[in-house]
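Remarks on the structure that follows.
The values are calculated or read from the model by the stated rules, or taken from the named source; none is laboratory data. Everything numeric in this text was worked out from a predicted model, so none of it was measured. Backbone-built Cβ (ideal geometry, glycine too); neighbour counts: all protein chains shown.
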Amino acid sequence: MSNSVNTNLGAVTALASLRATQANMAVHSKLVQTGYRVADAMDNASTFSVAQGIRGNLQAFRAVQSSLANGLGLADVTRTALELMTDVVNQVRTKAIQLADGSVTGTARTTYFNDFGQVADQIQRYIGQANFNGVNLLSSGSVTRTFIADTELGQLQLTSQSSVWTAWTTFQANVNVGDAALATGSLSVIDTLGAAVTSALATIASQSRQLRLQSAYVGDLVDANSQGLGALVDADIGKAAAATQAADVRQRLAINAFSIANVEPRMILGLIN
């Protein structure tokens with residue numbers, strides 16, 4: 001096809017090719033820069049709308065995960081304290097039995113008595129230190145704590161175990177191992193404390209298991225939604241980078257073609273001049 005005086009058809013063709021190449025390059029550059037095949041509504045309005053809905057769900061799930069993590073932290077601290085207390089109560093009971101033996105006298109009795117007091121004091125330390133984020137389920141006056149379990153605002157709870165504190169104060173008021181008879185009479189109070197600790201441990205362990213299972217389930221939902229979102233909007237970065245490089249080559253060729261297309265008019269002008 002030849003040029004006319006009014007229209008340089010070669011230049012027009014080269015310019016059209018250059019514009020198309022630049023537009024294509026802009027598309028692939030956006031993929032590389034954002035990492036998204038659908039970065040905004042201009043890319044694909046319907047897909048972007050669906051993606052925004054999924055992002056909203058993910059934010060809600062992460063809020064649920066945060067609440068459940070708080071619950072698990074409190075449950076783990078409480079459970080650990082109770083597990084340690086069961087061991088200590090068993091040691092206290094053993095010391096009380098040793099002190100209930102009237103044949104134990106002198107230095108041996110003094111040693112058992114001192115050991116009893118030191119071991120018993122550890123129970124109060126465990127109760128006092130069973131604190132997570134300002135909450136202690138074993139303390140006097142503690143209340144049941146609830147945690148968001150799902151995006152429908154369902155709840156799971158950790159119930160107050162202040163009965164342990166009550167049993168401990170009863171222990172302090174009524175246990176006396178000053179002689180064999182008193183030590184024998186104190187065994188029932190020690191057993192009551194042990195039962196309170198064991199019951200609290202069973203309850204917290206069960207509730208902790210619920211929290212952990214729900215947390216794992218919500219985590220799976222987050223993973224599934226994240227994968228679905230990625231399938232909808234994520235770009236193939238390797239492919240996009242290769243396409244950008246190819247577009248860059250085409251752009252240079254189009255510029256060269258445009259220059260070549262302008263050679264013939266310049267030659268004609270040279271003849272006129």
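Checking Ser162, Ser206, Ser188 one by one, the residue that is hydroxyl-bearing (Ser, Thr, Tyr) and surrounded by 13 or more Cβ atoms within 10 Å (Cβ to Cβ) is Ser162 and no other.
Could you check, for segment 242-254, whether at least one of its residues is farther than 30 Å from Leu158 by Cβ and modelled with pLDDT of 90 or more?
Initial filter on segment 242-254 (farther than 30 Å from Leu158 by Cβ): 242-254.
Now drop any that are not modelled with pLDDT of 90 or more, which leaves none.
Among the residues of segment 242-254, not one is farther than 30 Å from Leu158 by Cβ and modelled with pLDDT of 90 or more, which makes the answer no.
In segment 121-135, the residues that are surrounded by 17 or more Cβ atoms within 10 Å (Cβ to Cβ) reach residues that are polar (S, T, N, Q) and outside any helix (DSSP H, G or I) with C-beta atoms within less than 8 angstrom, at least six apart or across chains, in these pairs: Ile127/Asn136; Ile127/Ser139; Ala130/Asn136; Ala130/Ser139; Val135/Ser142.
The C-beta contact set for segment 35-52 (first residue closer than 14 Å to Ala231 by Cα, second residue part of a strand (DSSP E or B), distance under 8 angstrom, 6+ apart or interchain) comprises Gly35/Asp234; Tyr36/Asp234; Arg37/Asp234.
Residues in segment 154-178 that are over 17 Å from Asp121 (Cα atoms), part of a loop (DSSP other than H, G, I, E, B) and touching a residue at least 12 places away in the same chain (Cβ under 8 Å): 4 in all.
Among the residues of segment 172-224, the ones that are closer than 23 Å to Thr144 by Cα and of a type in the set (D, E, K, R) come to 2 in all. Which residue is nearest to the chain's Cα centre (by Cα), if the candidates are limited to segment 88-133 and must be within 21 Å of Ala195 (Cα to Cα), among the small types (Gly, Ala, Ser) and assigned to a helix (DSSP H, G or I)? By that ranking, first place goes to Gly128.
Taken together, Gly185, Gly178, Gly141, Gly134 contain a single residue that is closer than 14 Å to Thr78 by Cβ and modelled with pLDDT under 95, which is Gly134.
Is it the case that Met85 is at pLDDT 95 or above and in a helix (DSSP H, G or I)? Yes, satisfied.
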